[in-house]
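**Student:** Dropping the structure in here first, questions after.
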Amino acid sequence: MDEEGDPGQDEATVKPRPDLDPGVEPEDGLFVVRAEFKAADGSAFEGFVTPEPNGDLGAIQPSVVTSQGHVSFWFGGVKPEAQVIEQSYAILGAERGELFPITFRTSVPVNGKPMEGDVPAFMYLDDRGMSREIND
């Protein structure tokens, strides 16, 4: 947020923090860290997560980044259109059964150790604030 007024920068701007070697403590600020993802079929992807102590997918917001595009697994309070999910599967070159559950592990220590977790499906919040899987 300290560079928000600079040209080409906004609240979504991220920058490396080599001063935090060997890892991050989530209570020290908002971080985005590299993570390795493994699909149910063994396919590997690279991406990122936001370290969050309680492990809530809405806070972690796991995402894969490929040369074909960026794939988010968390959609917040807006259920995505079917074509968004179809495009995500196409980018990842997988179908639901091949992809989920997808696991992740951070490449950067969080609170002294890699953060690990799994993503059961593409997810969103329903009208009542409940996490829901997108069943395609």
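Since every read-out is calculated from the coordinates, none of them should be taken as a lab result. Just so it is clear, the structure is predicted and the values come from calculations on it, not from any experiment. Note: ideal-geometry Cβ built from the backbone for every residue, glycine included; neighbour counts use all protein chains shown.
**Student:** What span do the alpha-carbon atoms of segment 6-62 cover on each of the three principal axes, reported in whole Å from largest to smallest?
**Tutor:** Principal axes ranked by extent give 43, 26, 24 Å for the Cα atoms.
**Student:** Round to the nearest 10 and give me the degree value, 0 to 90, for the angle of helix 82-92's Cα axis relative to the longest principal axis of the chain.
**Tutor:** Once rounded, one gets 70 degrees.
**Student:** Residues with beta-carbon under 14 Å from that of TRP74, excluding TRP74: net charge, scoring Lys, Arg +1 and Asp, Glu -1? The partial results should precede the final answer.
**Tutor:** On the way: positive: LYS79, ARG132; negative: GLU52, ASP56, ASP118, ASP126, GLU133.
Counting the neighbours of TRP74, the net charge comes to -3.
**Student:** Would you list the P(r) distribution for segment 30-97, with all Cα-Cα distances sorted into 5 Å bins from 0 and each bin expressed as a whole %?
**Tutor:** Bins of 5 Å from zero give 4, 15, 25, 26, 20, 9, 1 percent of pairs.
**Student:** Once fully extended, how much extra length lies between GLN9 and GLU25, figured as 0.36 nm per residue of separation less the alpha-carbon to alpha-carbon distance? Present the calculation step by step, with values, prior to reporting the outcome.
**Tutor:** Values: separation 16, 0.36 × 16 = 5.76 nm, distance 2.45 nm.
This chain segment gains 3.3 nm when fully extended.
**Student:** Here is a further query. Can you tell me the length gained on complete extension of the stretch VAL65 to GLU86, counting 0.36 nm per residue apart and subtracting the Cα distance?
**Tutor:** Details: separation 21, 0.36 × 21 = 7.56 nm, distance 1.62 nm.
My answer for the length gained is 5.9 nm.
**Student:** Check the straight Cα-Cα distances from LYS79 and name the lysines below 29 Å, setting aside those fewer than 8 residues away within the same chain.
**Tutor:** Partners within reach: LYS38.
**Student:** Sticking with this structure for a sec: Using square roots of five times the C-alpha gyration tensor eigenvalues, list the equivalent-ellipsoid semi-axes of the chain in whole Å, biggest first. Before the final figure, lay out the partial values.
**Tutor:** Numbers: eigenvalues 128, 65, 49 Å².
Square roots of five times the eigenvalues give 25, 18, 16 Å.
**Student:** Assuming a viscosity of 1.567 mPa s and a temperature of 4 °C, what translational diffusion coefficient in µm² per second does Stokes-Einstein assign to segment 55-127, Rh being the Kirkwood radius over Cα pairs? Spell out each step's value before the answer.
**Tutor:** On the way: Rh = 13.2 Å.
In µm²/s, the coefficient rounds to 98.
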